[in-house]
Structures are given as C-alpha cells and as structure tokens.
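Below you'll find the structure, written out as structure tokens, and then a few comments.
Every read-out reported here was derived from the displayed coordinates using simple, explicitly stated rules and does not represent laboratory data. What you see is a predicted model; the values in this text were computed from it and never measured. With ideal geometry, Cβ positions are generated from the backbone for all residues, glycine too; neighbour counts draw on all protein chains shown.
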Amino acid sequence: MELLFVADPLEVFKTYKDTTFSMMREAARRGHGLWACEPAQLLWQTGAQVTARCRRVRLTGDEHDWFIVEEEAVRPLASFGGVLMRKDPPFDSEYFYATHLLEQAEREGAKVVNKPRALRDHPEKLAILEFPHLIGPTLVTRDPQAVRDFHAQHRDIILKPLDGMGGMGIFRVGPDGLNLGSIIETLNKGGAETVMVQKYLSEITQGDKRILVIDGEPVPFSLARIPQGSEIRGNLAAGGKGVAQPLSARDREIAVEVGKVLAPRGLLLAGIDVIGDCMTEINVTSPTCFQEITQQTGFDVPKMFVDALERVL
C-alpha cells in the first residue's frame, strides 16, 4: 500500500523524537510505500481531482540524512492507499483550507486520517468543552472583565491562546494578580481574540500527562511532561522532561470515555492532556510522544498505530 504523509518539510524532522517519522519507519518495515508532501502542494481545479506535488522517499537508517527521494510526481490523493494529515499546528486559515481540500479528496475516493471534518470540528483547546465533567474550572471568552472575574474567583490561573502549540503564549497569574492586565491585553488584543483561562492545577509539578488514544483504545502508558526549574510549562518544546508511566485508573477512565466519542468521528489518533485528574486539552492535528513512550517502556506505539491504520484503510 502507498501512503501519503501531508506534513511539515521532511528536512526539518528531528528523527530521534519525531512521531511522524516513527509512523513512516513502521509503515516501511511492513513494505508500504512512503510519499510526502506539504499542505501548500495540494491543488484542485475544475474537471480534475485534488492532487499533490509529492515525493516518494526511501528511509536510509541514517540519523541525519534519513531519507532519499526516489521519485517526484503530481498525483491524485485518491490514488494512494491512505493519506495521513500530520501537519503541525497552528490551526490557522491555511490549515483550515487544507482540510477542505482533503475533504474534497475524500469525496473523490481518498481515505484521509485523521478525517478532515473531524480536525475542523475538534480545535485542540476547545474540544474539551464537550466533556465538562472531565475538566477543571475553565473559561473561554473575549471579555477582559470576565477574565478578571475568573481570577478573582480562582486566584491562581493559567491563560493561553487558542491557536498555540508547544506551550507557546501560556501565562500563569497568581493570587497577587501581578501583570494580569498586561497579559490580558497581550492575549486578548483589546477584545479582538478569544482566550482560554483555566484554574491552575498544582499537580502540574508531577507532570502534564500526554495520553495517546488509537482507534478509541488508550496506549497503556502516558508521557508525563514535567516542568523544569522555575518553568510552569511541562511541554517538551518548552524544556519539560518526559517521563513515561503506566496509566492511572483515572487516566484510563478519561481516555476510554473520550476515545469512544472521538474514534467513530474519524479521529484515529488523539492525544489527551491530563493534569492530576483533569483533562486540559485534546490534540488531534499531529499528536506526538510515540518515540518517548516506546523507548522508555518497550511498548511499541508505532506498531499499535499502524495496526489500526491498516484496519481502517
């Protein structure tokens, strides 16, 4: 089977930790053909199908020069056995438009994972609102006064933009309210942009747990991303330390409930973030941590994923 990965440029992959690379490696091990393109290389015009200017690649096994381009071609997406949308956030207008092109490709017969409509319907910060009983106190608003009122009630809060990734743009404001006004102005831009505000969860010191859910089934280990030094963010991109650990009973409860909802909607892979006993985000664009969990526990996450991929394709 030939697989097309719609992703960031292959040249920027950090193969020692990249999840998309681990998917490609497992697929290649099974004999599947690997193709890659970027969202900017998708194209549709009247009288034709959605196509991509893409490259067929072979993995070399070298850590640095890790792939060789064997062929370049313009091909309809429907000509592949499967199309994996693995473009990293931000979920901006161009990402949104790419999902529409991918959905058109589906109408033409392409099989896309995760489903484009499901990607649009589950923005990663806001998807948790469907599960209010699984989350901590949360506010989503463009109203600066509502943010101040939320802080007055909860005293210690986290503010974050809706389109960030890797911990970008996250602020903590404690009981003294220091810099709250300035932070609101920075994120809210005078009421022009919506922000998410959540009660600070002190359990973050034990880690922001990434729980992977594949076709509705949780991977039995999470990656607890633990803040280092004076940093409040556990994100690996922000310097957090990743420690794999078995799922707790509560972790599994959350993952199973959310997975049962997401899988039938075409979200083959989701990354649920949990602090303490509370879900904080649902990541569906390009969830990561395959390699860290596999390396630390021996549980083969890429195998579990490609097994599921082969079932749905």
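Observations on the structure shown:
- Residue among Ala105, Ala73, Ala27 with the largest mean-square fluctuation in a Gaussian network model of the chain, springs linking Cα atoms under 10 Å: Ala73
- Taking amide H atoms as placed 1.01 Å from N in the peptide plane, the amide H of Ala244 lies under 5 Å from those of Ala224, each 5 or more residues away in sequence or on another chain.
- Centre-to-centre separation between the Cα atoms of the stretch 83-105 and those of the stretch 160-224: 23 Å.
- Residue among Gly169, Gly47, Gly239 with the largest mean-square fluctuation in a Gaussian network model of the chain, springs linking Cα atoms under 10 Å: Gly47
- Rounded to the nearest 0.05, the FRET efficiency derived from the C-beta distance between His100 and Arg142 at R0 = 35 Å is 0.85.
- Residues whose placed amide H lies under 5 Å from that of Met168, excluding near-sequence neighbours: none
- Added length on full extension, which subtracts the Cα-Cα distance from 0.36 nm per residue, Leu126 to Glu185: 19.1 nm
- Local net charge near Ala224, Cβ-Cβ under 13 Å (Lys/Arg +1, Asp/Glu -1): -1
- Neighbourhood charge, 12 Å Cβ-Cβ cut-off, centred on Pro116 and excluding it, Lys, Arg +1 and Asp, Glu -1: +4
- Equivalent ellipsoid dimensions for the chain as semi-axes, Å, which come from the Cα gyration tensor, largest first: 35, 22, 18
- Set of lysines near Lys111 by C-alpha distance (under 17 Å), chain-local residues within fewer than 8 positions excluded: Lys87
- Taking 7 Å steps out from each Cα toward its Cβ at Glu11 and Arg172 produces label points 3.9 nm apart.
- Over the chain, relative contact order from alpha-carbon pairs under 8 Å, at least 6 apart, %: 18
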